[in-house]
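**Student:** Here's a structure for you.
The values are calculated or read from the model by the stated rules, or taken from the named source; none is laboratory data. None of the values given here were measured: they were computed from a predicted structure. Methodologically, a virtual Cβ is constructed for each residue, glycine included, from the backbone with ideal geometry; neighbour enumeration extends over all protein chains shown.
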Amino acid sequence: MSVAAKTESKGMSDAEVVEAYLTASMIPDPDAAAAYMKPGTIITFTGGREFDHPRGPTGFNARRYRWVKKQMDRFDVCPGADETVVYSIGTLYGEWIDGTPFEGNRYVDRFVVRGGQIVKMDVWNDSAERILVQRGIEA
């Protein structure tokens, strides 16, 4: 974690840490996003793909989308004794790799935050179902 991100995240709520991570990841700036994660954090992405750095999802997304952003509608915060689970819920919008625009693609991201750092992330969205429909396969 960079000195700036360490200093910044100390005064942030767990939901603000997650929002800062997501904002950096949408630039996309995976190294800035990683500043909010404990090194080695596992990101379980759609389809069960596992990555150990935000560069993994960024690279995967580059093969699926020309660009993609999140409309973060809400954060559900579930505090625990030693960690907090934060859900980011909203929709994706952007352009598929062929240039076709899309919006309203539901997503849920689940984060575990401990000591001001993200220590686990799980990602779900409807992109695969939308791709199937584009190909004429009823999802």
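**Student:** For the subset of region 1-31 comprising residues that are part of a helix (DSSP H, G or I) and more than 17 Å from PHE111 (Cα to Cα), which member is modelled with the highest pLDDT?
**Tutor:** Top of the filtered list is ASP31.
**Student:** Quickly run through region 108-130 and pick out the residues that are assigned to a helix (DSSP H, G or I) and either crowded, with 17+ Cβ neighbours inside 10 Å or touching a strand residue (DSSP E or B) at 6+ places or on another chain (Cβ under 8 Å) (or both).
**Tutor:** Listed by number, the residues that qualify are SER127, ARG130.
Yes/no matrix, rows are residues, columns are (1) more than 22 Å from ALA34 (Cβ to Cβ); (2) crowded, with 18+ Cβ neighbours inside 10 Å; (3) touching a residue at least 60 places away in the same chain (Cβ under 8 Å):
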residue: ARG63; (1), (2), (3): no, no, no
residue: TRP67; (1), (2), (3): no, no, no
residue: ARG74; (1), (2), (3): yes, no, no
residue: LEU92; (1), (2), (3): no, yes, no
residue: THR100; (1), (2), (3): yes, no, no
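**Student:** Here is a list: ARG110, ARG106, ARG64. Which entry is modelled with pLDDT under 95 and touching a Phe, Trp or Tyr at 6+ places or on another chain (Cβ under 9 Å)?
**Tutor:** Result of the check over ARG110, ARG106, ARG64: ARG64.
**Student:** Could you look through region 67-103, keep only residues that are closer than 27 Å to GLN134 by Cβ and of a type in the set (S, T, N, Q), and pick out the one that is modelled with the lowest pLDDT?
**Tutor:** Top of the filtered list is THR100.
**Student:** Hey, could you check region 18-35 for residues that are crowded, with 18+ Cβ neighbours inside 10 Å and over 12 Å from the mean Cα position of the chain (by Cα) and say which is farthest from GLY59 (Cα to Cα)?
**Tutor:** ALA35
**Student:** Here's something else I'd like to know. If I go through region 28-51 residue by residue, how many of them are free of Cβ contacts under 8 Å to residues at least 60 places away in the same chain and in contact with a strand residue (DSSP E or B) (Cβ under 7 Å, 6 or more places away or on another chain)?
**Tutor:** Residues meeting the conditions: 2.
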